[in-house]
Amino acid sequence: MGVACLLTTTELLAQALPTNDTTLRRMWQAGMNQSQVLDLAQVLTDSIGPRLLGSTGLQSSQTWAVQTYAKWGIAARIEPYGAWLGWRRGATHVDLVAPHVQTLTALPVAFSSGTAGTAEGAVLTLPVTQDSAAFAAWLPHVRGAFVAIGSPRLSCRSDRDFATSGTAGSLERRQREQATADSIFDATRLAPTGLRGRLLDPWPLYAALSRAGALAILRSQADPQEGALHSERAVLFTGVATLAPVLNLSCEDYGLLVRLAERRQSPRVRASVDAQRTGEVATANTIAEIRGSARAGEYIVLSAHLDSWDGAAGAIDNAAGTAVVMEAMRILEDNYPHPRRTILAGHWTGEEFGVQGSHAWAEDHPDVVRGIHALFDLDNGTGRVTKVSAMGLMDAGERLARWFSRVPTELSEGVRFDLPGLPATSGRDVASFTCYGAPAFPFGGADWSYGWTQHTTIDTYDKIVPEELRHNAVLLAMLVYLADQDDSATSRDRRANLSSPRFPSPRAWPSCADAPARRKSPPP
Ligand SMILES: [Zn+2]
């Protein structure tokens, strides 16, 4: 009954669409009633899985995308651009075996090495030492042991618990206690090693512990709010090829090991971590193309990065955007197969390591970048589009308004425009095109706890909100069609004043040469 009611409602809505444009009506029908966007997202996340740069999962996703486009009759190709560190994650199993037996939640961080078979040993914490000489004298103790190197959380309860169930001031008190414990840990255990390094994570310490024979390095980057393990911050930029495995434990399990070790209750851990660096591998973008019939040298680009972090399947970051772009291409091919301009889908990789793929692609295709009529970038999680920025281009707002005014209000209401907006400087693929002054527009979306979900072990298929993805795919297909119908020239006039409350001092338009992304391999 529920299904029948839904269908009837959708059909009614389709009939009620306030447009006589048959292409828009067909697109609505194709994207709302015959949607494939969830099937695409499910295969990409559940079946193909994580898509870390340098992994076979990413390569599989590219092959799958090309094959899927081919099935729809859309030409697609894989375009190599550089090289990156290859890495393979196998199975991981970590148990506490004494003083009692308990399976632990642990994830090797990306690019970690594995254990040689099964490793078993005691758990140590960093000792309180006076200085680096004292630490060096202690260091031989780590041979054959697991070493916990961070300050544990005093409680893995969420802040919400302290705020709602505690007495007045509970949360503030707990936060003060945690801050004090962290600074004491840092001052008495970490700083004296002299090995903290300049980065957030103590890479030189990792290296010293590894050389001294530690079985694995234990730490916890977990979110007590949601039980998620963060998978970012790879053991990558160390320049040390033979680090011990680095395991990221849940807040609870890390606290358990540290308490047992500190109270001399003799914890022992057994771990089997299958992970391996596989040398340098080629990196590539995947490009799909519907050739233009009248103005083939002008381009409308649908943009979404395909790579992800690998603690989970990268569902909202960015299988969601990828599926939306693919679904929009399918809707366009079926309902608007002979566009005037060339329609491209850019499935970039290396976004998570400084927008490498889109940066290299823009550099390799100056003719396309010059001919961009509009680029829409989907990297906003699972949420329906609620914000569009004109990225500092003076008359882009008028064109965006014209296109949005013709899509059904179901899709356009609630969208805020940032006009003329400010050009992106880095961190999103759109920056790779904005730096050339191309009309490239990033979409922002309804939040859906994006910050707690992206880059973690809970970024899984279930976090995708079906109606939001259908909404975005139909909107995107319609915008591409409407942009293609628009004859107005693509003026690239930039705003003169780029200062804002956030960036008060005068600054220049972002330079493509300054972009952090270069096609390169990390140190071995
Ligand atoms: Zn992303």
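The values are calculated or read from the model by the stated rules, or taken from the named source; none is laboratory data. Values in this document were obtained by computation on a predicted structure and should not be read as measured data. Every residue, glycine as well, gets a Cβ built from its backbone with ideal geometry; the counts of neighbours run over all protein chains shown. SASA here: full protein model, heavy atoms, side chains in, ligands and nucleic acids out. Shrake-Rupley method; radii C 1.70, N 1.55, O 1.52, S 1.80 Å.
Assess whether residue 65 counts as being in a strand (DSSP E or B), open to solvent by less than 60 Å² (accessible area, probe 1.4 Å), more than 20 Å from residue 244 (Cα to Cα) and touching a residue at least 40 places away in the same chain (Cβ under 8 Å).
Judged against the criteria, residue 65 is not a match.
Please verify whether residue 162 is in contact with a helix residue (DSSP H, G or I) (Cβ under 7 Å, 6 or more places away or on another chain), part of a helix (DSSP H, G or I), open to solvent by 30 Å² or more (accessible area, probe 1.4 Å) and farther than 28 Å from residue 310 by Cα, treating the condition exactly as stated.
When the stated conditions are applied, residue 162 passes them.
Against the condition on the phi < 0 side of the Ramachandran plot, more than 16 Å from the ligand (Cβ to nearest atom) and either touching a residue at least 60 places away in the same chain (Cβ under 8 Å) or under 24 Å from the mean Cα position of the chain (by Cα) (or both), how does residue 356 come out, does it pass?
Numbers: on the phi < 0 side of the Ramachandran plot: yes; more than 16 Å from the ligand (Cβ to nearest atom): no; either touching a residue at least 60 places away in the same chain (Cβ under 8 Å) or under 24 Å from the mean Cα position of the chain (by Cα) (or both): yes.
Against the criterion (on the phi < 0 side of the Ramachandran plot, more than 16 Å from the ligand (Cβ to nearest atom) and either touching a residue at least 60 places away in the same chain (Cβ under 8 Å) or under 24 Å from the mean Cα position of the chain (by Cα) (or both)), residue 356 does not qualify.
Restricting to the range 248-281, name every residue that is among the polar types (S, T, N, Q) and either open to solvent by less than 40 Å² (accessible area, probe 1.4 Å) or closer than 15 Å to residue 220 by Cβ (or both).
The answer is 248, 250.
In this structure, is residue 374 buried (at least 24 other Cβ atoms within 10 Å of the Cβ), more than 16 Å from the ligand (Cβ to nearest atom), modelled with pLDDT under 95 and among the small types (Gly, Ala, Ser)?
Taking the combined requirement at face value, the residue does not satisfy it.
Give all pairs with beta carbons closer than 6 Å in which a residue from the range 302-315 that is polar (S, T, N, Q) meets a residue that is in a strand (DSSP E or B) and open to solvent by less than 10 Å² (accessible area, probe 1.4 Å); count only pairs at least 6 apart in sequence or on separate chains.
Once the first residue is polar (S, T, N, Q) and sits in the range 302-315, its partners that are in a strand (DSSP E or B) and open to solvent by less than 10 Å² (accessible area, probe 1.4 Å) give 303/346; 303/375; 303/377.
Take the range 81-115 and flag every residue that is open to solvent by 30 Å² or more (accessible area, probe 1.4 Å) and under 15 Å from residue 55 (Cα atoms). Can you show your working first?
Filtering the range 81-115 for residues open to solvent by 30 Å² or more (accessible area, probe 1.4 Å) gives 88-89, 91-93, 97, 99-103, 105, 113.
Hits for the range 81-115 are 88, 89, 91, 113.
Report whether or not residue 313 is touching a helix residue (DSSP H, G or I) at 6+ places or on another chain (Cβ under 9 Å) and within 16 Å of the ligand (Cβ to nearest atom).
yes
Just checking, which of 459, 379, 447 is charged (D, E, K, R), within 16 Å of the ligand (Cβ to nearest atom), in contact (Cβ under 8 Å) with a residue 40 or more places away in the chain and touching a His at 6+ places or on another chain (Cβ under 9 Å)?
379
Within the range 464-479, which residues are assigned to a helix (DSSP H, G or I) and surrounded by fewer than 24 Cβ atoms within 10 Å (Cβ to Cβ)?
466, 467, 468, 470, 471 - these are the residues of the range 464-479 that are assigned to a helix (DSSP H, G or I) and surrounded by fewer than 24 Cβ atoms within 10 Å (Cβ to Cβ).
For the range 486-501, check the following and say yes or no: at least one residue is of a type in the set (Val, Ile, Thr) and either open to solvent by 30 Å² or more (accessible area, probe 1.4 Å) or without any contact (Cβ under 8 Å) to a residue 60 or more places away in the chain (or both).
Yes, that holds for at least one residue.
Select, from 78, 74, the only residue that is modelled with pLDDT of 95 or more and crowded, with 20+ Cβ neighbours inside 10 Å.
Residue meeting the stated conditions: 74.
Name every residue in the range 282-315 that is part of a strand (DSSP E or B), surrounded by fewer than 22 Cβ atoms within 10 Å (Cβ to Cβ) and in contact with a Pro (Cβ under 7 Å, 6 or more places away or on another chain), in order of residue number.
282
Given the conditions (1) part of a loop (DSSP other than H, G, I, E, B); (2) hydrophobic (A, V, I, L, M, F, W, C); (3) out of contact with any strand residue (DSSP E or B) (no Cβ under 6 Å at 6 or more places or on another chain), and given that residue 111 satisfies all but one, which numbered condition is not satisfied?
Evaluating residue 111 over (1) part of a loop (DSSP other than H, G, I, E, B); (2) hydrophobic (A, V, I, L, M, F, W, C); (3) out of contact with any strand residue (DSSP E or B) (no Cβ under 6 Å at 6 or more places or on another chain) leaves (3) as the failure.
Collect the residues in the range 390-433 that are within 19 Å of residue 500 (Cβ to Cβ), open to solvent by less than 50 Å² (accessible area, probe 1.4 Å), more than 16 Å from the ligand (Cβ to nearest atom) and out of contact with any Cys (no Cβ under 9 Å at 6 or more places or on another chain), keeping them in residue-number order.
Answer for the range 390-433, where residues must be within 19 Å of residue 500 (Cβ to Cβ), open to solvent by less than 50 Å² (accessible area, probe 1.4 Å), more than 16 Å from the ligand (Cβ to nearest atom) and out of contact with any Cys (no Cβ under 9 Å at 6 or more places or on another chain): 390, 391, 392, 393, 396, 397, 420, 421, 422.
Within the range 320-354, track down each residue that is within 23 Å of residue 295 (Cα to Cα) and open to solvent by 10 Å² or more (accessible area, probe 1.4 Å).
330, 333, 334, 335, 336, 337, 338, 340
Please specify each residue of the range 316-346 satisfying the condition of being more than 16 Å from the ligand (Cβ to nearest atom), out of contact with any strand residue (DSSP E or B) (no Cβ under 9 Å at 6 or more places or on another chain) and among the hydrophobic types (A, V, I, L, M, F, W, C).
331
What are the pairs, 6+ residues apart or on separate chains, where a residue within the range 273-299 that is more than 21 Å from residue 61 (Cβ to Cβ) has its Cβ under 7 Å from a residue that is part of a strand (DSSP E or B) and open to solvent by 70 Å² or more (accessible area, probe 1.4 Å)?
Filtered contacts from the range 273-299: 274/91.
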